[in-house]
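Colleague: Please see the structure below; I have some questions.
The values are calculated or read from the model by the stated rules, or taken from the named source; none is laboratory data. Since this is a predicted model, take the numbers as computed values, not measurements. Cβ sites come from the backbone with ideal geometry, for glycine too, and all protein chains shown count toward neighbours.
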Amino acid sequence: MKTPPVAPDYPDVIAALKKAEQMRIEFVANVSHELRTPLTSIKGYTETLLQDLEDGRKPDPEFLKIILKNSNRLLALINDLLDLSAIESGADELHPADLNLMEITQHVIKQLEPFAEAKRTTINVSVDTPKLNADPKRLEQVLTNLIDNAIKYCPNQSTITIQWSHEQNDTVLRVMDNGPGIAEKFLDRLFERFYRLDKGRSREMGGTGLGLSIVKHIMQRHEGSVTVESDVGVGTTFICRFPD
């Protein structure tokens, strides 16, 4: 005698569908807001420049700088949205390779060196395990997002430590800073799309609010994980675990 099929738990299914729909609505609202802000600025300053030209006045170079800044912000946001979509959907396949961790870490630091030097930030690197099999493009993104965040949100003359180690069959990356730290109540939300502790400051620094979400999904694609530990007034550590 065949076992009758188990009936679905309809309340749970309905609750999951409602949650997914609410997340979709919030995501669309967040994207719309993030796009509208720089577009409004670009439109306003462009109209002013056109009016100045019509009235025979010399265009203000500061207006052009503001338009360029907001255009760059829009481009960064769109690139991150497309990237996140490709990672989440699996449309962008991973291409794992055996990577030299010191080499790839130093390469990323070199790209971010001007920003670190501007804030007189010291970056230290420690590599106790030399190799990792991972997608080089995506690993660079993980390192770039985590190190760039540390540089942005730490005060001048801070120290950032990047540490690679091997622990319990995992290759572990730690990005540690001695910045202001993050209160425990905010930690669970850090990897949400568009979540920012200080929205105004994050936008001013050019952040899209998607960097940590991208890191989370890259780690999931590698069957790994990312977590965060922080003490207010002491500093923050992001921990990425890549399974062997």
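Colleague: I'd like the full set of residues that are part of a loop (DSSP other than H, G, I, E, B) and hydroxyl-bearing (Ser, Thr, Tyr), limited to the range 105-127.
Modeller: Residue satisfying the conditions is THR121 alone.
Colleague: Right, next: Which residue pairs have Cβ atoms closer than 7 Å, lie 6 or more positions apart in sequence or on different chains, and pair a first residue in the range 77-104 that is part of a helix (DSSP H, G or I) with a second residue that is small (Gly, Ala, Ser)?
Modeller: LEU84/SER213
Colleague: Within the range 153-187, restricting attention to residues that are in a loop (DSSP other than H, G, I, E, B) and among the polar types (S, T, N, Q), which residue is nearest to THR236 (Cα to Cα)?
Modeller: Per the stated criteria, the residue is ASN178.
Colleague: Quick test of your reading of the structure: ALA150 fulfils all but one of (1) in contact with a strand residue (DSSP E or B) (Cβ under 9 Å, 6 or more places away or on another chain); (2) not assigned by TED's automatic domain parsing to the domain that holds PHE194. Name the failing condition by number.
Modeller: It fails just one condition, (2).
Colleague: Can you find even one residue in the range 153-164 that is among the hydroxyl-bearing types (Ser, Thr, Tyr), more than 30 Å from PRO243 (Cβ to Cβ) and out of contact with any strand residue (DSSP E or B) (no Cβ under 7 Å at 6 or more places or on another chain)?
Modeller: Checking the range 153-164: not a single residue is among the hydroxyl-bearing types (Ser, Thr, Tyr), more than 30 Å from PRO243 (Cβ to Cβ) and out of contact with any strand residue (DSSP E or B) (no Cβ under 7 Å at 6 or more places or on another chain).
Colleague: Checking the condition in contact with a strand residue (DSSP E or B) (Cβ under 6 Å, 6 or more places away or on another chain) and surrounded by 11 or more Cβ atoms within 10 Å (Cβ to Cβ), which residue from LEU101, LEU75 passes?
Modeller: Going through LEU101, LEU75 in turn, just one is in contact with a strand residue (DSSP E or B) (Cβ under 6 Å, 6 or more places away or on another chain) and surrounded by 11 or more Cβ atoms within 10 Å (Cβ to Cβ): LEU101.
Colleague: Can we say LYS137 is surrounded by fewer than 19 Cβ atoms within 10 Å (Cβ to Cβ) and part of a helix (DSSP H, G or I)?
Modeller: So LYS137 passes the test.
Colleague: Of the conditions (1) at pLDDT below 90; (2) in a helix (DSSP H, G or I); (3) among the polar types (S, T, N, Q); (4) touching a helix residue (DSSP H, G or I) at 6+ places or on another chain (Cβ under 7 Å), SER202 fails just one. Which one is it?
Modeller: (4)
Colleague: Only residues that are small (Gly, Ala, Ser) and either under 23 Å from GLU184 (Cβ atoms) or assigned to a helix (DSSP H, G or I) (or both): list them for the range 207-244, please.
Modeller: GLY207, GLY209, GLY211, SER213, SER225, SER230, GLY233, GLY235, listed by residue number.
Colleague: Here are the criteria: (1) modelled with pLDDT under 95; (2) in a strand (DSSP E or B). Tell me which single one SER71 does not satisfy.
Modeller: Among (1) modelled with pLDDT under 95; (2) in a strand (DSSP E or B), SER71 violates only (2).
Colleague: Considering only residues that are hydrophobic (A, V, I, L, M, F, W, C) and at pLDDT 95 or above, which ones fall in the range 219-244?
Modeller: Listed by number, the residues that qualify are MET219, VAL226, VAL228, PHE238, ILE239, CYS240, PHE242.
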